[in-house]
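Step one of this worksheet: look at the structure below.
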Amino acid sequence: MSEVEDYTGRTGRNETREEQLDRNWAELLQELRVLQMGVQILAGFLLTLPFQERFEDLDDFQIILYLTNVVIAAVTTAFILLPVSVHRRLFRKRLKETLVASGDTIAKVTLAGIALLSAGTATLVFDVTAGRSAGLTAGGALLAFMVVLLVYVPIHLNRKAAAGKPDQL
């Protein structure tokens, strides 16, 4: 197919493949900006904890959980930055499709990182304030809830749309 052919049958839009890829890339970058804000807030919170008086009172489990959360925050931040690095390396090499496809995968990994970070942070906060059982329960429940939201809901909506029943949750 030539660059000027209509892809309306595939996307519902009158755009070339290049225009579609440009739009997909712009949408992906916007999604990553939203994710970045959430990671920055959680990472910022975690980075302030060692400077609090009660930090010295953490037990070994809480310290390991805290450090694990810091590592997850750092790794998730790196994944959020990765599409920019990939874009810089692929710039002007006519590899936009590779860029968009890799960005999609990177965004999914980033979502998993944020789910783990959110659950881990909740586990730590509940553990410190309400006890180990409350921490593990809260963290497990939040992780399960995040899996439902981030995995099941999109799959469910995709199946509904494929069955001709869009916009139904």
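Here are the numbers:
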| read-out | value |
| --- | --- |
| All positions within segment 67-105 that are surrounded by 20 or more Cβ atoms within 10 Å (Cβ to Cβ) and free of Cβ contacts under 8 Å to residues at least 60 places away in the same chain | 69, 72, 73, 76, 79, 80, 83 |
| Segment 50-64 residues that are in a loop (DSSP other than H, G, I, E, B), paired with ones that are hydrophobic (A, V, I, L, M, F, W, C) and at pLDDT 85 or above (beta carbon under 8 Å, 6 or more apart) | 58/128 |
| Those residues of segment 1-27 which are modelled with pLDDT of 85 or more, surrounded by 15 or more Cβ atoms within 10 Å (Cβ to Cβ) and of a type in the set (A, V, I, L, M), in sequence order | none |
| Qualifying positions in segment 128-148 - without any contact (Cβ under 8 Å) to a residue 60 or more places away in the chain, surrounded by 12 or more Cβ atoms within 10 Å (Cβ to Cβ) and of a type outside the set (Gly, Ala, Ser) | 136, 137, 142, 143, 145, 146, 147 |
| Residues within segment 65-112 that are farther than 30 Å from residue 131 by Cβ and not charged (D, E, K, R), tallied | 25 |
| Wholly within segment 70-169, helices (runs of 4 or more DSSP H) carrying at least 1 residues that are within 30 Å of residue 48 (Cα to Cα) | 96-130, 132-147 |
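The values are calculated or read from the model by the stated rules, or taken from the named source; none is laboratory data. Computed from a predicted model, the values in this text were never measured in an experiment. Don't worry about glycine lacking a Cβ; one is built from the backbone with ideal geometry, like all the others, and counts go over all protein chains shown.
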